[in-house]
Amino acid sequence: MTTPIGMPSHLADWGATRHTLADVLPSILAGLGVSIERQAPLIPVTPSRRAVVVLVDGLGDRLLRRRAGHAPFLRGSLGQSATLSCGFPSTTATSMASFGVGELAGTHGMVGFEMYDPERDVVFNGLSWDNGPDPRRWQPLPTTFEVAEADGVAVDPGRPRLLRWVGPHDRGAAGWCIPRRSHPG
């Protein structure tokens, strides 16, 4: 791999050697038997009929280790777990889209907390979607759960009503759903 000018060599192959939030749901769905087509490698998971994924926004590895006394259940798995990266930029709007779509920001287009829509010459908020464009125009990729549904896995929203936002969450964090029943295969 050729290192881009000005980029430290240890960062040049970062994406090829680390898993991110974008790898979680495609890997889980592959473990459920859903056919996943992507270039990035999947996280090895044991094939299963059911899976539960809990995402705690803001609870990173460093914070968990620093405050492990407050999370005894999670503390118990620290020695046997791997650390994921959130991707870049590390903002909730971008991370939730990466998690839900199974791709990084450069692919899904949710590139920050606030983004510029050149067609309308406005800046909009990536979480509230205030002043935002049509989410299907902005982020046209299928979510991981749309892929799952197309493969026969029924999904239900697994989020509190408070988080049933509009906008990008229809196109990105629609990944905040859980399989209602196991894959028929």
Exercise. Which residue pairs have Cβ atoms closer than 9 Å, lie 6 or more positions apart in sequence or on different chains, and pair a first residue in the range 139-164 that is on the phi > 0 side of the Ramachandran plot with a second residue that is at pLDDT below 70 and surrounded by 15 or more Cβ atoms within 10 Å (Cβ to Cβ)?
Worked result: Gly152/His183
For this session: Determine which member of the set Ser98, Ser90 is of a type in the set (S, T, N, Q) and either more than 29 Å from Asp134 (Cα to Cα) or in contact (Cβ under 8 Å) with a residue 12 or more places away in the chain (or both).
Result: Ser98
For this session: Test Leu78 against the criterion of being at pLDDT 85 or above, over 30 Å from Arg137 (Cβ atoms), over 14 Å from the mean Cα position of the chain (by Cα) and surrounded by 13 or more Cβ atoms within 10 Å (Cβ to Cβ), and give yes or no.
Result: no
For this session: Among residues belonging to the range 23-65 that are among the charged types (D, E, K, R) and within 20 Å of Ser95 (Cβ to Cβ), point out the one that is nearest to the chain's Cα centre (by Cα).
Result: Asp23
Problem set entry | Lone unmet requirement of (1) part of a loop (DSSP other than H, G, I, E, B); (2) touching a helix residue (DSSP H, G or I) at 6+ places or on another chain (Cβ under 9 Å); (3) loosely packed, with under 12 Cβ neighbours inside 10 Å; (4) at pLDDT 85 or above for Val166 | (4)
Problem set entry | Answer residue from the range 121-138, given it is free of Cβ contacts under 8 Å to residues at least 12 places away in the same chain and not in a loop (DSSP other than H, G, I, E, B) and is farthest from the chain's Cα centre (by Cα) among those | Val122
Seminar exercise, completed: Of the residues in the range 121-149, those that are buried (at least 18 other Cβ atoms within 10 Å of the Cβ), touching a Pro at 6+ places or on another chain (Cβ under 9 Å) and among the β-branched types (Val, Ile, Thr) come to Thr144, Val147
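The rows are residues; the columns are (1) surrounded by fewer than 12 Cβ atoms within 10 Å (Cβ to Cβ); (2) part of a loop (DSSP other than H, G, I, E, B); (3) small (Gly, Ala, Ser); (4) modelled with pLDDT under 85.
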{"residue": "Gly58", "(1), (2), (3), (4)": "yes, yes, yes, yes"}
{"residue": "Leu64", "(1), (2), (3), (4)": "no, no, no, no"}
{"residue": "Leu74", "(1), (2), (3), (4)": "no, no, no, no"}
{"residue": "Thr83", "(1), (2), (3), (4)": "no, yes, no, yes"}
{"residue": "Ser95", "(1), (2), (3), (4)": "no, no, yes, no"}
{"residue": "Phe99", "(1), (2), (3), (4)": "no, no, no, no"}
{"residue": "Thr107", "(1), (2), (3), (4)": "no, no, no, no"}
{"residue": "Glu119", "(1), (2), (3), (4)": "yes, yes, no, no"}
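The values are calculated or read from the model by the stated rules, or taken from the named source; none is laboratory data. Please read these numbers as outputs of a predicted model, since none were measured by experiment. Because the Cβ atoms are built from the backbone with ideal geometry, glycine has one as well, and the counts that use them run over all protein chains shown.
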